[in-house]
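The values are calculated or read from the model by the stated rules, or taken from the named source; none is laboratory data. These figures come from a predicted structure and were not determined experimentally. Note that we place each Cβ from the backbone using ideal geometry, even for glycine, and neighbour counts take in every protein chain shown. All accessible areas refer to the heavy atoms of the entire protein, side chains included, with ligands and DNA or RNA removed. Shrake-Rupley method; radii C 1.70, N 1.55, O 1.52, S 1.80 Å.
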Amino acid sequence: MDILNLSIKEIHDQLVLKKTSAVEVAASFIAQSKKTDADIKAYISYDFDAMLKQAQTVDEKIARGDETSLLAGIPCAIKDNILIKGLKATAGSKILENYVASYDAHVIEKLKAHDVLFTGKTNMDEFAMGSSTENSAFFKTKNPADTSRVPGGSSGGSAAAVASRSAVFALGSDTGGSIRQPASFCGVVGLKPTYGAVSRSGVMAMASSLDQIGPFAKTVEDAKIVFDAIRGKDPKDATSMETKIRNSKFEIRNLRIGVPKEYFGGGIDKGVKASVEAAIADMQKAGAKIIDISLPHTKYAIAAYYIIMPAEVSSNLARYDGIKYGHSAYHDNAHDTLETVYRNSRSAGFGKEVQRRIMLGTYVLSAGYYDAYYKKAQQVRTQIRADFEKAFKQVDVIATPTCPTTAFRFGEKTTDPLAMYLEDVFTVPVNLAGLPALSMPCAPSKGLPVGLQLIAPWFGEEILFSVGAQLEHASE
Ligand code: GLN
């Protein structure tokens, strides 16, 4: 039995039956990180000492016969834009290179209450802006499925940690696809919860009306266990709310699956299309009713996202001013004015992509352009949401590819920001509408992982878990 490949429940069983100990589990995952991570580079920092100490506490609890959570003693990796008190949180940026978090994110408080083991903080595109993790200010992360290729982004490190088996699960954040796209590229499961299902308190804000925290895991059941542990109302995030759990089982044979024609048109890789269509054919064989639908405003989603997101970015990132947090140019020249301290700190601290988005965002919000860009984009957002509302009157779940391509090679899209932005074409509509969506592996194409994206109505995560698990078992 290889502990590294076991699911959360399987490790839990081993622990409570005392076939292994949490310290042994921790040691196996530390050894695995040391073996794989010199090459993969999923992590910006590790937390092995604390991990072993926490494992001891779990073992003591088990020895005493205390009731333990399913997640007790399970190693998990955390994206470096989510705060763990006392640990560095860089968000992949030079401006926060030495920043140490002074409090726990709400999701971390929750995971700590379950006695999970934190393996470390994972690499990411700077402030979660990107689709390949190549925008990290520190280094590139490799895709464990093919190390000549990117792991996707922006949560590339979290996806790579789970795929390379140095963590059982990981947390990431998804503003326009940053959980689902790297999950799809690395061949793991990724969930973007309904907007509001998980508190954003303690995740560094990128675009607050779009951001959600969610899990990466090897199996759909593991993703569900983690989601159940982190979701819920948090007074520190006014947009968070309790999820109504509908414990009904959604059998594929009773479901209507919507297939939007806009997600299978030009620009999509042939192999990706074939493998997603095969997964849909499997659902049909299992008795589901496949219904062709249309989400006509899909074509405007990227344009609207790349106006709304930078607008929120330009406002959220104003706090990194060289005074409140992180890198400051102040000490370089004590005679500087406040404005030059701001300018110099931000020019030196932020990378190109972040600067590009701050400028775009400031522009679309400026007097004279606000109505033409920002207001228009918000109107498009309403239309995109309405498309989904209409579709969900007809179908229970929507099936699409997660991304138009499989993992691409390093450098392939870095010189052309627009080509990189197009990676998000199937994921951003879901964020704009605030819906939950799961990416899970379907048949590989030319040896590379392909993601099937399942989209459910608001707070319909249970449908995703149910359908996802049935598909997973069907393919075993
Ligand atoms: N790739 C998208 C972007 O660059 C999504 C990022 C994200 O979800 N954090 O904006």
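Listing for the model above:
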read-out	value
Span per principal axis, largest first, for the Cα atoms of the range 69-168 (Å)	38, 31, 16
Pair Ala50, Arg356: separation of 7 Å Cα→Cβ label points (nm)	3.4 nm
Alpha-carbon Debye profile of the range 310-401, log10 I(q)/I(0) at 0.11, 0.12, 0.21, 0.25 Å⁻¹	-0.52, -0.58, -0.99, -1.15
Inter-label distance, nm, simple model (7 Å from Cα along the C-beta direction), Asp228/Ser209	3.4 nm
For Arg149, residues with placed amide H under 5 Å, excluding near neighbours	Asn143
Rel. contact order, % - alpha carbon contacts under 8 angstrom, at least six apart, the chain	17 percent
Expected 222 nm ellipticity per residue - DSSP helices of 4 or more, -39500 (n - 2.57), all of the chain, to 500	-12000 deg cm²/dmol
Among the listed pairs Lys192/Lys244; Lys112/Lys236; Lys88/Lys192; Lys53/Lys110; Lys273/Lys299, those beyond 20 Å (Cα-Cα)	Lys88/Lys192
Backbone HN-Hα couplings from phi across the range 362-368 [Karplus 6.51/-1.76/1.60, Hz, Gly and Pro as x]	5, 5, 5, 8, 6, 3, x
Under 16 Å from the Cα of Lys249 - lysines, other chains or at least 8 residues apart	Lys224
Å³ per residue enclosed by the Cα convex hull of the range 114-250	110 Å³
Potential extension, Ala38-Thr414 segment - 0.36 nm per residue separation minus Cα distance	133.0 nm
Per residue value of the accessible surface for the chain (all protein chains in place, 1.4 Å probe), Å²	39 Å²
Whole-Å semi-axes of the ellipsoid equivalent to the range 179-244 (Cα gyration tensor, √5λ, descending)	21, 14, 8
In Hz, Karplus ³J(HN,Hα) per residue of the range 413-418 (6.51, -1.76, 1.60; θ = phi - 60°; x = Gly, Pro)	10, 6, 8, 10, x, 5
Karplus-derived HN-Hα couplings along the range 115-126 (A = 6.51, B = -1.76, C = 1.60, θ = phi - 60°), whole Hz, x at Gly and Pro	6, 6, 10, 8, 6, x, 10, 9, 5, 7, 5, 3
Calculated FRET value between Tyr370 and Lys324, using beta carbons and R₀ = 30 Å, to 0.05	0.65
Cα pair count fraction exceeding 45 Å, expressed as % - the chain	8 percent
Reachable aspartates and glutamates from Lys79, criterion Cα separation under 12 angstrom, eight or more residues apart if same chain	Asp125, Glu126, Asp174
Cut-off under 5 Å, modelled amide H: who pairs with Gly258 long-range	Ile291, Asp396, Val397, Ile398, Ala399
Spatial extent of the range 374-413: Rg and Dmax, with the Cα atoms as the point set, Å	15.7, 43
Extended-chain gain in nm, criterion 0.36 nm per residue less alpha-carbon gap, Asn98 and Lys289	63.4 nm
Accessible-area composition of the chain, carbon plus sulfur, in percent [1.4 Å probe]	53 percent
Rg and Dmax of the range 169-304, Cα atoms only, in Å	16.7, 46
